[in-house]
Structure formats: structure tokens, C-alpha cells
Amino acid sequence: MSTADAMADVVARRRPAEKVLSGIGVTILMYEASTRTRVSFEVAAKKLGADVVNVAAAGSSVTKGESLLDTMRTLEAAGAELLVMRHATSGAPYLVAEHFGGNVINAGDGWHAHPTQSLLDLYTMRAHLPVAGGGAWSLRGRKVAIVGDLLHSRVARSNLWTLTAAGADVWACGPATLLHGLEAWGSSGVGGASERRFSVTTDVDAALREADVVMTLRIQKERMAGGLLSSLGEYAGAYGITRERLALAKPDALVMHPGPMNEGVEIAADVANGPQSVITEQVANGVPIRMAILSLIAGTRTGA
Amino acid sequence: MSTADAMADVVARRRPAEKVLSGIGVTILMYEASTRTRVSFEVAAKKLGADVVNVAAAGSSVTKGESLLDTMRTLEAAGAELLVMRHATSGAPYLVAEHFGGNVINAGDGWHAHPTQSLLDLYTMRAHLPVAGGGAWSLRGRKVAIVGDLLHSRVARSNLWTLTAAGADVWACGPATLLHGLEAWGSSGVGGASERRFSVTTDVDAALREADVVMTLRIQKERMAGGLLSSLGEYAGAYGITRERLALAKPDALVMHPGPMNEGVEIAADVANGPQSVITEQVANGVPIRMAILSLIAGTRTGA
Amino acid sequence: MSTADAMADVVARRRPAEKVLSGIGVTILMYEASTRTRVSFEVAAKKLGADVVNVAAAGSSVTKGESLLDTMRTLEAAGAELLVMRHATSGAPYLVAEHFGGNVINAGDGWHAHPTQSLLDLYTMRAHLPVAGGGAWSLRGRKVAIVGDLLHSRVARSNLWTLTAAGADVWACGPATLLHGLEAWGSSGVGGASERRFSVTTDVDAALREADVVMTLRIQKERMAGGLLSSLGEYAGAYGITRERLALAKPDALVMHPGPMNEGVEIAADVANGPQSVITEQVANGVPIRMAILSLIAGTRTGA
């Protein structure tokens, strides 16, 4: 977090960053479409002096695990030392990391995890939610409501890990069909730790009441085909974050969304663009957070 | 135009240009396929020291205005300060410019406009058509025939604005089905200014006679499906620019085409590659013109 | 080869290479999908200081020779001085080279040739196969077996040229349907030179026996649709390089594959990843070989 502060300062003052990745090959390998994550990693790596190569792979050519490793070996042999990777299959970056000589950064894998997104979410909260009474910063005593399709969301999963680790009182909320399996996880606690339990509820009012942060998640139309939702309109009526609903939270509660948004479905346009929204700030924080991650990894490489 | 002269000189002498975009994030956002425009903007921006990011967006994911603005906000938050943008919807860059904190350059929007193309066309004419009798350069007294599918051409529309502003006697020519609405515009004058009237005709001989410039436009096969053309062969016979037809123009008339060409349809191969053709020069001028545009915008940013 | 040695040394020591392409526009134009070739050319050109532009062209928009030349003229006009090009049509880069003002590098054309691949293959063999008895390095006295779909392989065709020129005893081996026309070529000798004859056989044991190098080629599923293969499984059984089959070759024979591999079809996984495999080394050698090629071409440009 403090490294990201330093990077944000460099970006804001339009100063050149220290070229800690100079001469280092960073390959951004995207097996799924990505705009915000790809662009912010590319900008971050270039600011640190890296040689960046983009590779967009169509999912169809890589249906077997062997092929994925073959692609990784190819990129490594061609000079990739840091591999930023997104893949539709949960766990793919972990498989790759077992065989890759350099460092692998997970830029999103299936429904499993999107750790750099949750770090930038945490960084955004840190800027707005001071610690009461001094001491190291944490989310202790803060209530965070995550509302939407948690079942299919790698962002939600990473945030359940990250935010409970930061001490937050996390509430996962959505229709029962989109919360499958979360209740058992929430009651045992993340990592099996009882102090990292989170609440799971279908009651949106209960989730929002007195929340410090309201994080909404994208609802995908494909969920209707699977019978998990009857209609987007019905979802919007029952769970969409409107101004009225937001009033249940604390008056200055932060409104967050990992993007891309379906305005009018999971979030009303006036909330997304309203005074409590930090959605654009989340994207902006993507660059310094990813600079910090890349820079810290570079430090472990050189022993600096 | 004179800034473009300076840039052309730098490119021709293979000198490094002044890095007026050093540290500035230029994002090239293409919602439609583009080779020549994208490449020349990328080359121009890099020569000026910019940090260039390419984003190719499939049209399908951005069917709503909200999504377009969402994408723009994402790119801005990730560091885009200059946004070069092509979109299938007329007016899209103007909508974006109302909300974007930096500068937006229209790299082609629907059938509406392609202003940097018409500036490079003007720049190309300026190199070949001196002013008779001194004074500031203009196209006064010069006849320019634009032949083809003007109805669906953003290049034509931008050139009607640009060339009438430069004082040319402009003739728009094609089958009646592809000139729809132009007659009223031509007779009222561009911007409603009577001194900027242009002629509209289906008579290709009248358009070409004594012309100083013959600009042909791409005919797309899709027009036949829409019933606007019966066949490409019929179009080629009636309006294609052949050596015989070109003989109606002045002996040293310039032959231009914004590309990509359908040789043998709107233009005969021997005309496209003949001594009067400046088509390749048009593409080459794309780099210094776009360097000039980017550089002048950078100047307004810093107050230089 | 010795220039590639110098480049490999620079890469291995993580030293910056001499920027012999500084200010030179390198455009990588891919009409067919490519990961390893595109990435290694991009990395190589950037290491030498070039301004690199990637252009991925969908095959559909360039079905006519005129369009290909039009694209080439566009890229040249926009500043391309070195054009690295892959195209599905055999001979396309040669057509382009007749009209392009700068240098064209064939990065694979149809079934015809992939010369930079065969150069890196030769470079890889040179690192492992010393000359017996001194003198300039060659493959004289070495047996190389190329096994697979030689009919449709540009890699095989380029290697038949390159390896016979280097003096190797080359054996082309596969099912008769995938060797069509090779026998006549082999018996007349490459380039009509009798000392450059190669053997053609359907007998995989004969091809492998006492070989110094076993090069396998990718088998594409499309061949079954064409009736040239009955099944991948049958091919694997008859021609796949397994540990048992490899035992026919010399004990330290090199195993090579141009990638991407179908493990379990043309090559068993334990062979591909076994101690005799230099497949990853082939990819790694792609960067210094392409640096050497680019650098030597730059030398001819400046007369250096």
C-alpha cells in the first residue's frame, strides 16, 4: 500500500518513475477479453521501463493444459520474465507458475480470483476510511456489503479473502441462486479462520444497513439462460443499488464497482455517477497498485 | 499546414522529432477496423515521444452510449490524456469529448466525418497546386471533383467542409442513389454560407471537365445488397475513373483516393498507379499531418 | 551464425544491444495467426532499438493481389522500412518485395517457406553437433530425419534447402499421402544439385536409424477431412516419436519440433520434455537469430 502511495505520487506529479523494470521482458497474455486490466498493466509496466509484449490468445486454440504450458514455454524462451496472465480456467496461472522460470501475476482466472483488483479496491477504501483512534490502518469496525452475482465473480472471491484479512465485517448479498456454497464458507471463516467469518444473506436491506462500503458486481445476461435469474428487470428491482436503497447505508458510504457496469441493472446511473461513487478512482488506482506489484516483484528478483 | 511542413522535414531527414508528447498517454481506440489511420497515428505519436496504447474494441460490447462513456472513463482513469478514436456511430467522438478530461481526436465516425483525412488531402493538394499570383495559399480558382459514393463517405463529408473552406470549386458526383440529400446542402452552402456552395451532379463528364483534382471514393459491395447499385461492373462503366475519362480533366490534374481502393471498380489500375496519382503520397502525408495535429494539441495543453 | 552468437551473448548477459535499428520503422504484418514468430521478431527488433508496429490482418479483406500491394504501399508510406510478413499464400512476400522500397523478411508463406525458422533450427544444431576433425562447421556426415506432414509444411521445405546446403544427409519421412512430390525433388537434388539429394521414405525405422537429429512436424486435424489421414491415433501409432522409436537413433540424438506441438500425436510427451529435446532452445534461439538477421539487413542499408 505504501509503495502504491509512492507510485501514485509519481503519476500525479507526472514525474518519470524509477526504471526498476528496465530491460525486463513483461508479457501480458490474455486468454479472455480485457480492457481495463490489460491497459493498466501495460501502462504500469511501461512507466517502470519494462519491454512489454501483448499476446491475445483465442480460447479455442488452447483447450488442453499441455497447450497452455507449451505457450508459456514459448513466451519464456522468447524472453518473458514476468508473465501477466488472464485465463478462463480457474487455477490456470497456478499451473503455469509451477513451470515458469520467472514470475506469474494472476490477472483473473475463471471464477476463482482477481487479486490485483481486490488490492486496488482495498487501496481505494484506505484512501477514504481513516482508522478511528490511531494504530496501523485496517478495516476493523467497517462494514462492507458486496451485492450481486457472487457465485460467478472472481472479484468477489478475492475481496472476501482480502477484506476479511483487513478486518472488515463483510456481507455477501444476492439472490440465493447466486450465493451457492458461500454460506458454508462464510460460517467456517476464510482460510478456516473463525475471526474471518463473513455474513451471507439474500436480504439486501440487512446487507446495506449502516454499511461503510457498498460494492456492486456485474450481472451477466448469460445467467438468465442458465435459469439462475428470471430477468434483469426483476434483479434490478430486488437488488439494484438505487438512491433509495443506498440511503440505508452510512451517509458517506463508498459506492464501488469493478466494471464494466450495467447501469440500470445492478446499479442506477445516478448512483454510479453520484457523489459517493469512487468507481473511476478504482480504475485510476489500478495503475499505481500494479506499478507497486511489479516493482516489488522486481525487487525480489534482484534482491534489492 | 506549416507545422506539418516542419514535421515532414524531420521525417524525411530521419531526424528525431522534438518529444513534445513525452510522458503523455495517447490511447488509440478503434471500434472499427483500421490499418492506415491507426498505423499513422501510432507512428506519429511515438515519434513525438508519447506513451501509446492500442485498444481495439469489438462493436458488440459497446452497443449502448453508457458503455462507450464507461470505456472512455476507464481509459482516462488508466492514464489516457489524448484519445484518438474511431467509431461506427456518427457523433460518438463528440459525445465522448463532452465527458473526457483530455483531448479527443476524431479518427472517423460513421458516415459523418474523418477530419484528419481531409487535412492530409488538403496538405497533399497544397504541395502540388501553387497559388496563381501570390498571396496566402488557397484553392481559389481550383476545381475539385469528388466521384463515388458520397452518401456513405465520411471522407467526402469532411472534404466538402475543408475544401470549400479553402475556396475550391467542389463538384460532388455519383449515381443519384448515392448523392441523397447532398443537393440541398450544396445549394445552401456548407455551414449555410452562400460562398461555400458546391455543385452536385450525376454527369461524370461535367464533373471531370477541366478539374484540377479528381478524388475517387471506395465503392462498397454492401451497397448492392441495399439496392443502391445494380452491379460493381455497371458502376465501373458509368463512373469508374479510367484513362479516357481522366483526359477530360486538366492535363496535370491530381488523382486522389483515400483508400483502400477497389482497383477496376471506382478507379482503373493504370490511373491509380499512373503519373498523375498522388495516392501513396496521401498516405505518407498522414504521418506529418497527424504529428502536427498532436503537437499543436500538446501546445494548447502546456500553454506553449 | 556468428552474428547470432554475439546477439545470444548480449541477451544472456542482459546487456543492452547496439541500437543498430534506432529510428528505423519495422512493421510486423501477420495475415495468419502467429505467437512465437511474431513475439520473437518483436522482441528482437525492439532490442535493436527499432520502432515496431504490429498489424494483424484478417485474411478475408485481402483476397486479391492488388489489395496486398495496396496494404504494403500504405505501410511503406506510413514509415515501414523493414517489413516482416506472414501470409497464407505461397510467394506473397516475394511479390511484395518486388514493389516495396525497403526490405521484406518472409515470416512464413503458405506451404512454401519459413526461412528464419530453418536458420534457428540450424543454429540450434550447430550448438550441439561439433564438427568431427576440425574445419568450418557443417552438417557433413550427420543424418537428420524430418518426420511428419512434409507436404503441407513450410518449415520442412525451408529445412530441406538449408540442411542439404549445410551438408546433412536428410531423410524425409511420413505417410505416402503426406510426401507427395517430394521423391522427385529428393532424387534430383535441391536446386537440381546432385550433391544435395535427400532420401524420401515411408519407413520410419529406416529414417530414424542412427539419426543425429529427429525433427518432428505438427500434424493438423484438417488433414483427416481431406482424406490424407484416417485418424490422428493411427498416425501416432505409425509415425509418432515415442521413446521406443527414438532408441533407433543415436543415443544423444537431438529431438526438435518447430511448434506448436500436438503432444501424444506426432511426439510423445516424455520425448518432447525429455533430456534429448531441444525444443525450448529452438524458441529461445529465435530471438538472437532474428536479431542477427535484422542487424545484418540494417548493415546493408547503411553500408556499415
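Quick look at the values:
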quantity: Table column - 3J(HN,Hα) (Hz), region B:69-75, Karplus curve with 6.51, -1.76, 1.60, x for Gly and Pro; calculated: 5, 4, 4, 4, 4, 4, 5
quantity: Peptide-level mean, for A:279-286, of C-beta atoms on other protein chains within 10 Å; calculated: 4
quantity: Sites C:H180 and A:E32, calculated FRET efficiency, Cβ-Cβ separation with R0 41 Å, nearest 0.05; calculated: 0.50
quantity: Per-peptide average of other Cβ atoms within 10 Å, ordering A:123-134, A:40-51 highest first; calculated: A:40-51, A:123-134
quantity: For peptides A:8-21, B:160-173, sequence by mean Cβ density within 10 Å, most packed first; calculated: B:160-173, A:8-21
quantity: Formal net charge of residues neighbouring A:V52 (Cβ-Cβ distance under 11 Å; K, R +1; D, E -1); calculated: 0
quantity: Estimated Rh, region A:89-234: Kirkwood, alpha-carbon pairs, angstrom; calculated: 16.3 Å
quantity: Size of the B/C contact, given as accessible area buried on both chains, probe 1.4 Å, in Å²; calculated: 1400 Å²
quantity: Cα pair count fraction exceeding 18 Å, expressed as % - region B:246-299; calculated: 44 percent
quantity: Over 19 Å [Cα-Cα, region A:3-134], rounded percent; calculated: 54 percent
quantity: Region C:215-287: C-alpha gyration tensor shape, a/c 1.5 cut-off, then a/b vs b/c; calculated: oblate
quantity: Cα gyration tensor category, rounded, prolate or oblate, for region C:232-272 with a/c compared to 1.5; calculated: oblate
quantity: P(r) tail fraction, region A:89-130 - alpha-carbon pairs more than 15 Å apart, %; calculated: 52 percent
quantity: 7 Å along Cα→Cβ, label-point gaps from C:S2 to other copies, nm, shortest first; calculated: 5.5, 5.6
quantity: 1.4 Å probe accessible area per residue over region A:145-208, in Å²; calculated: 35 Å²
quantity: Average projected area [Cα convex hull, region A:159-304], square nanometres; calculated: 10.6 nm²
quantity: Span from the region B:137-163 Cα centroid across to the region A:1-61 one, whole angstrom; calculated: 43 Å
quantity: Separation between Cα centres of region C:258-287 and region A:189-216, rounded to whole Å; calculated: 49 Å
quantity: Cut-off 16 Å (backbone N to label point 7 Å along Cα→Cβ of B:T202), residues of region B:135-156; calculated: B:148-151
quantity: Partner chain coverage, peptide B:256-262 - average Cβ within 10 angstrom; calculated: 3
quantity: Packing-based ranking, highest mean first, of B:183-194, C:241-252 given that Cβ atoms within 10 Å are counted; calculated: C:241-252, B:183-194
quantity: Pair A:E222, B:E98: separation of 7 Å Cα→Cβ label points (nm); calculated: 3.4 nm
quantity: Across the identical copies, how the B:E222 labels are spaced - nm, sorted shortest first, 7 Å along Cα→Cβ; calculated: 2.7, 2.7
quantity: Distance histogram in 10 Å bins (all Cα pairs of region B:121-189, percent per bin); calculated: 19, 52, 24, 6, 0
quantity: Gaussian network model of chain C, springs between alpha carbon atoms under 10 Å - residue of C:V271, C:V84, C:V287 with greatest fluctuation; calculated: C:V271
quantity: Cα gyration tensor shape for the protein assembly as shown, rounded if a/c is under 1.5, else prolate or oblate; calculated: oblate
quantity: Convex hull per residue volume in Å³, alpha carbons only, for chain B; calculated: 143 Å³
quantity: Solvent-accessible area per residue, Å², over region A:223-304 with all protein chains present [probe radius 1.4 Å]; calculated: 42 Å²
quantity: Relative contact order (%) - chain C, alpha-carbon pairs under 8 angstrom, separation at least six; calculated: 17 percent
quantity: Members of A:K47/C:K19; A:K19/B:K47; A:K46/B:K46; A:K143/A:K250; B:K19/C:K47; A:K143/A:K221 lying beyond 18 Å, as alpha-carbon distances in this model show; calculated: A:K47/C:K19; A:K19/B:K47; B:K19/C:K47; A:K143/A:K221
quantity: Test item: A:67-76 mean partner chain Cβ contacts at 10 Å; calculated: 5
quantity: Accessible surface of the protein assembly as shown, 1.4 Å probe, proportion on carbon and sulfur as whole %; calculated: 53 percent
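The values are calculated or read from the model by the stated rules, or taken from the named source; none is laboratory data. Since the structure is predicted, the reported quantities are computational estimates derived from the model, not experimental observations. In this analysis, Cβ positions are derived from the backbone assuming ideal geometry, glycine residues included, and neighbour counts consider all displayed protein chains. Just so you know, the surface numbers come from the protein's heavy atoms only, side chains and all, with ligands and any DNA or RNA stripped out. Shrake-Rupley method; radii C 1.70, N 1.55, O 1.52, S 1.80 Å.
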